[in-house]
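First comes the structure, then the notes that go with it.
Any read-out appearing in this document is the output of simple, stated calculations on the displayed coordinates, not a laboratory observation. Everything quoted here is computed from the prediction, not taken from an experiment. Quick reminder, even Gly has a Cβ in these numbers, built from the backbone with ideal geometry, and neighbours come from all protein chains shown.
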Amino acid sequence: MQVQDLDLNYGLLEKILTAFLRNEIGKFGFSSAVLGLSGGIDSAVVAELAVRALGAENVLALKMPYSLSSRESLEHADLMVERLAIRSEERAVTPMADAFFADVPEGERLRRGNIMARTRMVLLYDVSARDGSLVVGTSNKTELLLGYGTMFGDMASAVNPLGDLYKTQVRGLARHLGIPAAIIDKAPSADLWEGQSDESDLGFSYGDVDLLLYMMLELRMDRRDVLREGIDEGFYERVRRMVVRNQYKRMMPVIAKVSARTPGIDFRYARDWQAVR
């Protein structure tokens, strides 16, 4: 099995995702969107889809660098802003993040990364409230399955067009959409600290883990069959533990049921109903 096995009909996928954004945002009674534009491939793809769904005039990109952020990331974000002719604002997270960092040792990178991710989401939702726009998410399926994201940080959004696409498929969609090669081909990074990269943090490549996840989820292959494909046993066990352990990140908060009609359990009216009767 090879990476090409994950390929999709990207022309059809583009139509599905633009319709998804237009319909879902409209159901909530909104007509515009705001997203964090990091200079990476995921946010570039989401910006492109949002413009095709809503029009450039209805999309706002928020750039939220930290003092140690890569200059290249801002340049690539600006490249997408110019390409799409969308409005953009830059709000550095440095003052807010540094205020939290005063009580967090420099070596605790996980805590510091979570603080930066949540600080960025504070800014996004503030702009959402200011402008009456919905926050569009940029987390892909690989990140969600592995738990490689921050709850109420980069994982937070009102709608997410990429959540069912593996990172490999996001790259394929990016090529179809004509995203600049400089953004597609660079090492993926959340830009949380100098030199940080996703694959270094994870300890494996997106190509390798996407193939494994595809076997486990889409093909429903058991452990024995996966190992027969030549997957390393230690790699399989590590990824399986990550997927299982991080299930809580993929759920809304679990509500204790004490009544006959509990929100999210028994009381689950479709959000596009005009009124609750």
Note on the chain: contact order normalised by length, alpha-carbon pairs under 8 Å, 6 or more apart, percent, works out to 21
Phi-derived 3J(HN,Hα) across the range 88-105 with the Karplus relation (6.51, -1.76, 1.60, θ = phi - 60°), rounded Hz, x for Gly and Pro, is 8, 9, 10, 10, 5, 8, 3, x, 5, 5, 5, 5, 6, 5, 4, 9, 10, x
Compactness check, the range 25-102: C-alpha Rg relative to the 2.2 N^0.38 Å globular estimate gives 1.19
A correct Karplus calculation of ³J(HN,Hα) over the range 222-231, with 6.51 cos²θ - 1.76 cosθ + 1.60, θ = phi - 60°, whole Hz and x for Gly and Pro, returns 7, 4, 4, 5, 4, 5, 5, 7, x, 6
Burial-style ranking of 84-94, 251-261, 127-137, average other-beta-carbon count within 10 Å with highest first, yields 127-137, 84-94, 251-261
One finds, for Val104 and Asp164 with R0 = 35 angstrom and r their Cβ-Cβ distance, a FRET efficiency to the nearest 0.05 of 0.55
Output ordering of 160-167, 236-243 (per-residue mean of other Cβ within 10 Å, highest first) is 160-167, 236-243
Least to most buried among Val226, Val122, by other C-beta atoms within 10 Å and fewest first, runs Val122, Val226
In the range 135-220, the GluC sites (Glu not before Pro) that sit in a DSSP loop and have at most 14 other Cβ atoms within 10 Å of their own Cβ are Glu194, Glu218
If amide H atoms are modeled at 1.01 Å from N in the peptide plane, then the residues at a separation of 5 or more from Ser88, or on another chain, having amide H under 5 Å from its own are Ala61
Out of Met251, Thr119, Ser139 - ranked by how far each Cα lies towards the positive end of the dipole of the chain, with unit charges on the beta-carbon of charged residues - the top one is Met251
Contour minus Cα-Cα span, Arg220 to Asp78, at 0.36 nm per residue, comes to 47.0 nm
Summing -39500 (n - 2.57) over every DSSP H run of at least 4 in the chain, dividing by its residue total and rounding to the nearest 500, the 222 nm mean residue ellipticity is -15000 deg cm²/dmol
Any residue on another chain or 5+ positions along whose placed amide H is under 5 Å from the amide H of Gly137 is listed here as Ala158, Val159, Asn160
